[in-house]
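Below: the structure, in structure tokens.
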Amino acid sequence: MSRHENSAGQQPQGRPRPTAPALVTGATSGLGRSLARALADRGWTVLVHGRDRDRCAAVVDELRTAGGTAHPYLADLSSLRETAELGRRVAADHPSLGLLVNNAGVGAGRDARRREVSRDGYELRLAVNYLAPVVLTRVLRSPLRAAGSAQVVNIGSIGQSPVDPDDVQFTRGYDGMEAYTRSKFALAAFTLTIAEEYAVDGIRVNCVHPATYMDTTMVTEAGVRPWTSVSQGTEAVLRAIDEGARGASGEYYDEGRRARAHRLAYSAGVQRRLADLTDRLIAPVEEANGTTW
């Protein structure tokens, strides 16, 4: 029996069964996989995103075997065109979406001195950790709106460094860990920027740092000894989702507790500059789609 169910194998009292599905990106390993299981336990239909067909199918089979409902969605989020296409497929299949968890991410990498680029030629951590969530959130606004009280939960990090507006692609003095923390700063600022805008559609948008140095491939790949577990991170994200269900929006959570992101993430000037930079970077994808999201 799941720890998220009561002794009768039903939803805990006071929590209604979700009527619209949840999309979890990066759901084939680590936090994403654990969170997909937990959401299925809570009665969500889980849309399992991954890059690898076999791993994606394995998670879907696992959730279905446990009595849940799940569907696979393949996309490489290092391509913003594939990211947008993922959003369009989800919207076509599910006109109402109750939860989007932007979890997929790239850590500092095995060699923090090696600058990597995405399929679009953007610095990889900026592309996957920040630009892909922006594109996906924009593409999926309509099905999120249709759900009536949907949520976007961005998986952030306590490690945040302001983006250099003069070198957004981090071409000078590159460091993989700082590239990661810059992308997570941008994600936190994006959360705060769009929360008020999306509130008119009944969509709550929050950012959560799940736990510090969880036992994930991302952490061990960087040569860091884990401090916490994926299960701890999962519980923190679930607490943030519960907060969103109670109406919280535009919040940053540190391990499930309401906290403060980097002080500059709250600066209106920083948010405007970042939004302008972001619009320029994703413009080619919008133009290829023939519409403005």
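Bear in mind these aren't lab numbers, they're just calculated from the coordinates by the rules spelled out. What you see is a predicted model, and the numbers here were worked out from it, not measured in a lab. All Cβ positions, even for glycine, are placed from backbone atoms using ideal geometry, and neighbour counts span all protein chains on display.
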Worksheet item: If each residue's Cβ is checked for other Cβ atoms within 10 Å, how do R53, R258 rank with the fewest at the top?
Response: R53, R258
Discussion item. Nearest 10 degrees is fine. How inclined is helix 176-199 to the longest principal axis of the chain, computing both from alpha carbons?
Written reply: 60 degrees
Worksheet item: Where in region 40-76 does the label zone of R17 land, with the point 7 angstrom along Cα→C-beta and an amide N cut-off under 19 Å?
Response: 40-47, 63-71
Worksheet item: Quick one: if the Förster radius is 30 Å, what FRET efficiency do A199 and D276 give, using the C-beta to C-beta distance and rounding to 0.05?
Response: 0.85
Discussion item. Per DSSP helix of 4 or more residues, -39500 (n - 2.57); summed, then divided by the residues of the chain. What does that give at 222 nm, rounded to the nearest 500?
Written reply: -13000 deg cm²/dmol
Worksheet item: Going by how many other Cβ atoms sit within 10 Å of their own, how do V59, V168, V205, V117 line up, fewest first?
Response: V117, V168, V59, V205
Item to complete: Select one label from (i) 44; (ii) 11; (iii) 16: the one whose number is percent of Cα pairs over 35 Å apart as derived from the coordinates shown.
Response: (ii)
Worksheet item: Could you give the angle, 0 to 90 degrees to the nearest 10, between helix 268-289's Cα long axis and the longest principal axis of the Cα atoms of the chain?
Response: 80 degrees
Practice prompt. Calculate one ³J(HN,Hα) per residue across region 231-242 by plugging θ = phi - 60° into the Karplus curve 6.51 cos²θ - 1.76 cosθ + 1.60, and present them in order as whole Hz with x for glycine and proline.
Written response: 4, 5, x, 4, 4, 5, 5, 4, 5, 5, 5, 4
Item to complete: Arrange Y252, Y73 by Cβ neighbour counts within 10 Å, fewest through most, would you?
Response: Y73, Y252
